[in-house]
Amino acid sequence: MAALRLAIVGLGKIARDQHLPAIAATEGAELVAVASRNASLEGVAHFATLEELLASDLPVDAVALCTPPQVRRAQAALALAAGKHVLLEKPPGATVSELSPLIAAAAQAGLTLFATWHSRFAPAVEPARVFLAQHRPRSVAVTWKEDVRVWHPGQGWIFEPGGLGVFDPGINALSILTAILPEPVFVTAADLAFPSNRQAPIAADLTLATPSGLPLTAAFDFRQTGEQSWDIRVETDGGMLLMSGGGARLFHDGRSLIDEPEREYPGLYRRFVGLVGAGRSEVDLAPLALVADAFLLGRRRSVDAFEG
Ligand code: NAP
């Protein structure tokens with residue numbers, strides 16, 4: 001089969017850190033263009049905008065939208081209307097409801113829409129899912145605390161409406177949680193800390209539950225300095241399962257089961273190539289719905305202004 005000819009839209013941090021090397025390592029995928037207002041890549045066709053790319057006669061099969069969530073729906077709609085398969089970075093949109101028309105447009109045109117959750121491709125995720133299918137969880141505690149100044153330098157969009165604030169990384173934990181637990185999860189309470197000068201929370205504490213009554217908590221904080229935490233701790237009737245490093249490592253009662261280097265994005269692109277080949281879409285909105293519900297239900301506190 002001919003390689004999938006890809007264009008990246010938005011050449012920011014994640015496009016450079018992960019998408020470029022992952023595409024280069026993916027059999028059956030080839031980067032042929034970049035749409036970026038500010039940057040270009042040697043040897044790859046460059047357009048300032050997605051509109052210019054779509055108006056050109058360069059053959060492109062699919063676009064990977066690596067722009068902030070606030071602008072992605074309009075870009076996805078344009079690309080689908082032009083007959084391109086679409087890969088959406090996470091979160092799939094700035095709202096839950098904006099995804100339905102995209103799903104319908106992809107289905108009607110026979111195109112692939114892939115709403116990615118990169119953390120689900122971390123090496124500990126599938127083994128954790130299998131463990132939790134065999135050992136009943138009793139409680140779950142998520143701790144996702146990172147320094148926004150280190151991990152999101154200059155990304156003003158993150159604190160704008162639709163940018164999700166601390167849920168930008170927190171939704172990765174929710175994407176793992178919704179993949180590994182044997183039953184659905186819902187939000188029962190949320191405490192959201194908004195800097196007095198920002199439109200999105202810098203910290204959030206969630207209480208969640210499942211239909212069977214499993215107690216879950218999630219603590220998200222963007223103000224963490226020193227040691228960073230991306231941990232999910234599950235007490236089960238078969239011992240304590242700890243996933244750390246965002247899914248890179250897995251421990252059972254302190255014994256290491258998995259400890260592997262980062263390789264989420266190559267898996268993600270393999271899936272995209274496979275979905276296109278099979279003529280299928282994959283859009284799971286459960287993590288985004290949890291974030292939306294935290295905003296719906298959350299108590300809002302004003303905290304110190306954030307200058308970042
Ligand atoms: P970023 O560094 O700010 O890059 C986003 C890029 O999108 C910008 O460099 C810019 O590219 C383009 N862009 C920004 N505002 C735009 C606008 N108003 N209209 C059109 N294009 C615009 O952000 P990022 O960290 O790469 O994050 C992008 C997405 O990837 C987010 O949804 C984020 O959640 C997700 N993600 C990020 C990470 C991470 O660690 N940073 C990890 C996984 C997923 P040009 O200058 O090239 O036009």
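General observations
- Partners for LYS145 among aspartates and glutamates (Cα-Cα distance below 19 Å; same-chain residues under 8 apart left out): ASP168, ASP191, ASP205, ASP221, GLU227, ASP231, GLU262, ASP304, GLU307
- Of all accessible heavy-atom area on the stretch 231-308, the percent that carbon and sulfur account for (1.4 Å): 48
- Rg to Rh, two decimals, where the stretch 258-299 supplies the alpha carbon set and Rh follows Kirkwood: 1.20
- Cα-based equivalent ellipsoid, the chain: semi-axes from gyration tensor eigenvalues, Å: 32, 23, 18
- Between THR49 and ASP17, full extension at 0.36 nm per residue minus the direct alpha carbon distance yields a gain of 9.4 nm.
- For the chain, the solvent-accessible area of protein heavy atoms averages 44 Å² per residue (probe radius 1.4 Å; ligands and nucleic acids excluded).
- ³J(HN,Hα), Karplus 6.51/-1.76/1.60, whole Hz, each residue of the stretch 31-42, x for Gly, Pro: 7, 10, 7, 10, 10, 8, 6, 10, 9, 9, 10, 4
- To the nearest 10, the accessible area of ARG270 is 150 Å² with a 1.4 Å probe.
- Annotation: amide H of ALA189 within the under-5 Å range of THR207, sequence separation 5 or more or interchain, hydrogens built in the peptide plane.
- Protein-only accessible surface at a 1.4 angstrom probe places the residues THR112, THR217, THR143 in the order THR217, THR143, THR112, largest first.
- Electrostatic dipole magnitude of the chain [Cβ: Lys, Arg +1; Asp, Glu -1; Cα centre; debye, to 20]: 320
- Restricting the stretch 164-269 to GluC sites (Glu not before Pro) in coil, as DSSP defines it, with at most 11 other Cβ within 10 Å: GLU227
- The loop-placed GluC sites (Glu not before Pro) in the stretch 1-71, going by DSSP, that have at most 11 neighbouring Cβ atoms within 10 Å of their Cβ come out as GLU27, GLU42.
- For the residues LEU208, LEU41, a 1.4 Å probe over the protein chains yields an accessible-area ranking, largest first, of LEU41, LEU208.
- Label point distance in nm, THR95-GLU42, each placed 7 Å from Cα along Cα→Cβ: 4.5
- ASP17 accessible area, 1.4 Å probe, all protein chains in place, Å² to nearest 10: 80
- For the stretch 1-43, applying the loop criterion from DSSP together with a ceiling of 11 other beta carbons within 10 Å to the trypsin sites (Lys or Arg not before Pro) yields ARG37.
The values are calculated or read from the model by the stated rules, or taken from the named source; none is laboratory data. No experiment lies behind these values; they were computed from the predicted model shown. When we count neighbours, we look across all protein chains shown, and the Cβ atoms used for this are built from the backbone with ideal geometry, even at glycine. Please note that ligands, DNA and RNA were not included when accessible areas were found on the heavy atoms of the full protein model with its side chains. Shrake-Rupley method; radii C 1.70, N 1.55, O 1.52, S 1.80 Å.
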